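These notes concern the structure reproduced below.
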Amino acid sequence: MRHRKRGRKLGRTASHRKAMLNNLATSLFEHGKIHTTLPKAKELCSVAERLISFAKRGDLHARRQVLRRIQNKIVVSKLFDEIGPSYSERNGGYTRVLKIGPRRGDSTEICLVELVGDEIRAEYADTGSEAARAVATEVVVETDPEDVSEETSEVASDQDSDDVEASDASEEVEDADAVEAAAASEEAKDADAEDADAEDADSEEKKDT
């Protein structure tokens, strides 16, 4: 007899299996669709549809029951504010499993799990509720295209002026190097002339003696 044989162990302990399914359900409600293996997908559908049934009730006790499985409050608010009410006219069958094909490496069957219905799809689930947007979105500063063009032109002019200054500085350095080289050559010539005069004086003294 198959008593107490319902469900799949998935090669994990009870606590690990529960935590994995909770994380999969959170990702499903957050993104609207996820990719996973076929046994995990079948187990996920039962968990996700039970949570959606709680969200359709919408009372405080149902919210606390969902918070036992999903720890992300933003996802819970999305589930109760948008996903649950969108299935008010539907009795069960909130998820869909589509087989994609074998995975490279171990040939495990990969599936796409997504939320069904015309009112809610993957892109609808990604929109988020008002509370989720208030927490997750960032403030975007709007800029005028003319201001942007002016800023780019100013940056370009600054870069041109910097290039001109750099070229002038390099020319000045080259001129200074040339002047120093000329002065050094003149000093060398003067030293050679002084040495030649000293030698001539020495030779004349020797002749006189």
- Starting from 0 in steps of 10 Å, tell me what percent of the Cα-Cα pairs of the stretch 1-118 lands in each bin. 13, 43, 33, 11, 1
- Task: Enumerate the lysines that LYS99 could reach by cross-link, defined here as Cα to Cα under 23 Å, with residues fewer than 8 away along the same chain left out.
- Result: LYS9, LYS33, LYS40, LYS42
- Based on the mean of other beta carbon atoms within 10 Å per residue, what is the order of 1-12, 28-39, most packed first? 28-39, 1-12
- Item | Potential extension, THR13-GLU89 segment - 0.36 nm per residue separation minus Cα distance | 23.6 nm
- Ordering of 93-99, 56-62, 110-116 by burial proxy (mean other Cβ atoms within 10 Å per residue, highest first): 110-116, 93-99, 56-62
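Only the coordinates and a few stated rules stand behind these numbers; no lab work does. Please read these numbers as outputs of a predicted model, since none were measured by experiment. Counting neighbours? That spans all protein chains shown, and the Cβs are built from the backbone with ideal geometry, glycine included.
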